[in-house]
Amino acid sequence: MANASDTSAQRGRPAPRPEPPPAAPPTSPPRSVRLRGGLDVATLVGLAAAGGVILVAITAGGSLRAFLDPPSLMIVLGGTLAVTTASFSLGDVAVAWKNAAAVLIHQTLDPKGVARQVLLLAEAARRAGPETLRNVLPELRAEPFLHRSVTLITEGLPPDVMERMLTGEVEASVGGHARSAGVLRRASEVAPAMGLIGTLVGLVQMLGSLNDPSAIGPAMALALLTTFYGAVLGNVILAPLAAKVERAAEEDALVKTLYTIGAVSIARQENPRRLEMLLNAVLPPGKRIQYFDREAPRVGA
């Protein structure tokens, strides 16, 4: 009888609701990596200082107008552009000038910040699975290469295939920047040569007009100013820009390599501590991080 009353009592009570399954730990968006740079102060200050020294030397000993000669400029600028274009293609030359202008407003990602960002993503993927990184994709649109890398992770691409794809993209980017630097290097070599050609043209004109004193001055100006223009264009402007493009290419390749290492490690579901060692093996000595020893406890606090 007791069992029957207990059963009837239980029938009168509402059935207990099933407990919901434990929610997956939320994936916090990775901290954005700050851009370093803006205007490239070193390039602008260097070019301005070199131009200022030349300008002071010109104005201290004579008139600035005496150093302005359109035919000389035409020979050096036009000849340098023509010969450089003949050495490459129109597309290569256009991209090179675009990259040369871009280094004046060069913005790079801090490698240490990039490494921390990769480790944050790795920790989130280790806690809740690689698929949970879909939640942070909108936060990564400002960094296209990282966005593509994380997209490949969430799509379940095999790690080896992913590594080949991303490494190929890094190599293609490095090759494009190297081609642009080569265009600028070639132009820096051609400019002094065009100045020498202009000098020879001016000397020929001067020797051919010795009987006309009024023609000697313009011919001598053409002879000397083309050499001056070629030396300034090649050594003061083009050569530094080529060096800057090469350096920008190295910094871009480092950042993309860090993203590639992180994406492949996350896809393989490796321990983030191992990933930290892999990143430090690529980072320069002064940029290496100690995330788990120094920073991770503060992040979780």
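The values are calculated or read from the model by the stated rules, or taken from the named source; none is laboratory data. Every value quoted in this text rests on a predicted model; they were computed, and no experiment measured them. So basically every Cβ, Gly included, is an ideal-geometry build from the backbone, and we count neighbours across all protein chains shown. Side chains are part of the model used for accessible areas, which takes the heavy atoms of the whole protein and leaves out ligands, DNA and RNA. Shrake-Rupley method; radii C 1.70, N 1.55, O 1.52, S 1.80 Å.
Do we have residue 6 as assigned to a helix (DSSP H, G or I), surrounded by 13 or more Cβ atoms within 10 Å (Cβ to Cβ) and either out of contact with any strand residue (DSSP E or B) (no Cβ under 7 Å at 6 or more places or on another chain) or at pLDDT 75 or above (or both) here? The answer is no for residue 6. The criterion of at least 3 residues that are within 31 Å of the chain's Cα centre (by Cα) and touching a residue at least 60 places away in the same chain (Cβ under 8 Å) is met by the following helices (runs of 4 or more DSSP H) wholly inside region 115-233: 144-154, 159-208.
So which of 209, 188 ends up being farther than 30 Å from residue 99 by Cα, out of contact with any Lys or Arg (no Cβ under 7 Å at 6 or more places or on another chain) and not aliphatic (A, V, I, L, M)? I'd like the intermediate steps shown before the answer.
Numbers: 188 fails: farther than 30 Å from residue 99 by Cα.
Unique residue meeting the criteria: 209.
Against the test of being buried (at least 22 other Cβ atoms within 10 Å of the Cβ), over 30 Å from residue 189 (Cβ atoms), in contact with a Ser or Thr (Cβ under 9 Å, 6 or more places away or on another chain) and not acidic (Asp, Glu), the options 275, 225, 233, 238 yield a single qualifying residue, 275.
Residue 277 satisfies every condition listed in (1) part of a helix (DSSP H, G or I); (2) in contact with a helix residue (DSSP H, G or I) (Cβ under 9 Å, 6 or more places away or on another chain) except (2).
Results for (1) of a type in the set (Gly, Ala, Ser); (2) modelled with pLDDT of 85 or more; (3) out of contact with any Phe, Trp or Tyr (no Cβ under 7 Å at 6 or more places or on another chain), shown as yes or no for each residue.
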| residue | (1), (2), (3) |
| --- | --- |
| 49 | yes, yes, yes |
| 53 | no, yes, yes |
| 60 | yes, no, yes |
| 72 | yes, yes, no |
| 75 | no, yes, yes |
| 78 | yes, yes, yes |
| 83 | no, yes, yes |
| 91 | yes, yes, yes |
| 99 | no, yes, yes |
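Residue 72 fulfils the conditions (1) closer than 30 Å to residue 254 by Cβ; (2) touching a residue at least 24 places away in the same chain (Cβ under 8 Å); (3) of a type in the set (S, T, N, Q) except for a single criterion, (1).
For residues in region 279-295 being under 20 Å from residue 263 (Cα atoms) and more than 22 Å from the chain's Cα centre (by Cα), which is modelled with the highest pLDDT? Per the criteria, the residue is 290. Of all the residues in region 101-114, those that are open to solvent by less than 30 Å² (accessible area, probe 1.4 Å), touching a Gly at 6+ places or on another chain (Cβ under 9 Å) and modelled with pLDDT under 90 number 1. Checked against (1) among the polar types (S, T, N, Q); (2) open to solvent by less than 10 Å² (accessible area, probe 1.4 Å); (3) in contact with a Lys or Arg (Cβ under 9 Å, 6 or more places away or on another chain), residue 87 passes all but a single condition, namely (2). With respect to the stated conditions, residue 257 fails to be within 28 Å of residue 95 (Cα to Cα), touching a Leu at 6+ places or on another chain (Cβ under 7 Å), assigned to a helix (DSSP H, G or I) and open to solvent by 10 Å² or more (accessible area, probe 1.4 Å).
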